[in-house]
Amino acid sequence: MKLDIRPMSRADLEAALIWARDEGWNPGLDDVGPFLAQDPSGFLMGWLGTVRVGCISVVKYGTDFAFLGLYIVHPAHRGKGYGKAIWDAGIASAQGRTIGLDGVPAQKENYAKSGFAFAYRSARWGGTLRGLVATRSYVRPVTPDELDAVAAFDRRHMPASRENFLAAWLAPSATRQTEGYFEDGRLRGYGTVRRCVTGWKIGPLFAETPAIAETLLSTLVTPAGTDPLFIDVPGPNTAAVEMMRRLGFTPAFETARMYLGPAPALPLEQVFGVTTLELG
């Protein structure tokens, strides 16, 4: 039977995130809407007849950048070449763009065969914060009507603009909260905490200084209570790594940031938490 690869429906993406859950990737409970908002054509599912066998996302941001994630073949269909076909379709869908990914280090050589070059390591840190006092003097919830300010700040920390994603990400949600650090009316940092299959994830966490990042973090942890928290921290941000250790977080696993095409120049010293491993 011939493998059919086509864009995902909302139901397909929900199924793909269940696979991600089963792989231990711990997706958010309300990720589908924001993911699809950025690029509805960026999520591909491979089918054998009426059976889903594998998936990939290569979400496009503008004309120059895309991010690859959700590369999964269902365990019942591995070792049959379907993954490579889905991979090739995903790469082709973003032709002409630099493509980034966060992959497990063990797969670095495989990704390198497709032209991806290693940029740096990141780690997922986990822990339970207790006794961190929230400081509200400069921090307040971000509202959807502040999208322009958030998008402008976000663009300084991402290789391309992503207004469609942010509009959905900032929309009111029972499982997601975004806080901004405003000083003299200027946004100097922002972060999101969202409910996941297990605990909560913080990301993005972008801030001009470590002190601003920690102030944001002290407020972002509030919805989690005593639930576990997770944050994906770029290794080159040594201040962020030190902060994780000081707050009692421990690294759970590492990922390798790789790029196909020219690597973007980003202020990683201001990236304290990656938004998601699926969308960059």
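The values are calculated or read from the model by the stated rules, or taken from the named source; none is laboratory data. It should be emphasised that the depicted structure is a prediction, and the values quoted were computed from it without experimental measurement. No Cβ is skipped: glycine too gets one built from the backbone with ideal geometry, and neighbour counts run over all protein chains shown.
Checked against (1) surrounded by 14 or more Cβ atoms within 10 Å (Cβ to Cβ); (2) closer than 25 Å to S41 by Cα; (3) among the aliphatic types (A, V, I, L, M), A152 passes all but condition (1).
Within region 261-269, is there a residue that is crowded, with 20+ Cβ neighbours inside 10 Å and either at pLDDT 95 or above or out of contact with any Asp or Glu (no Cβ under 7 Å at 6 or more places or on another chain) (or both)? Checking region 261-269: not a single residue is crowded, with 20+ Cβ neighbours inside 10 Å and either at pLDDT 95 or above or out of contact with any Asp or Glu (no Cβ under 7 Å at 6 or more places or on another chain) (or both).
Among the residues of region 1-52, the one identified as touching a residue at least 60 places away in the same chain (Cβ under 8 Å), in a strand (DSSP E or B) and under 24 Å from V274 (Cβ atoms) is G28. For region 206-231, what are the residues that are farther than 18 Å from T175 by Cβ and surrounded by 17 or more Cβ atoms within 10 Å (Cβ to Cβ)? Matches in region 206-231: F206, A207, E208, P210, I212, A213, E214, T215, L216, L217, S218.
Residues in region 59-104 that are closer than 25 Å to P234 by Cα, surrounded by fewer than 20 Cβ atoms within 10 Å (Cβ to Cβ) and among the charged types (D, E, K, R): K60, D64.
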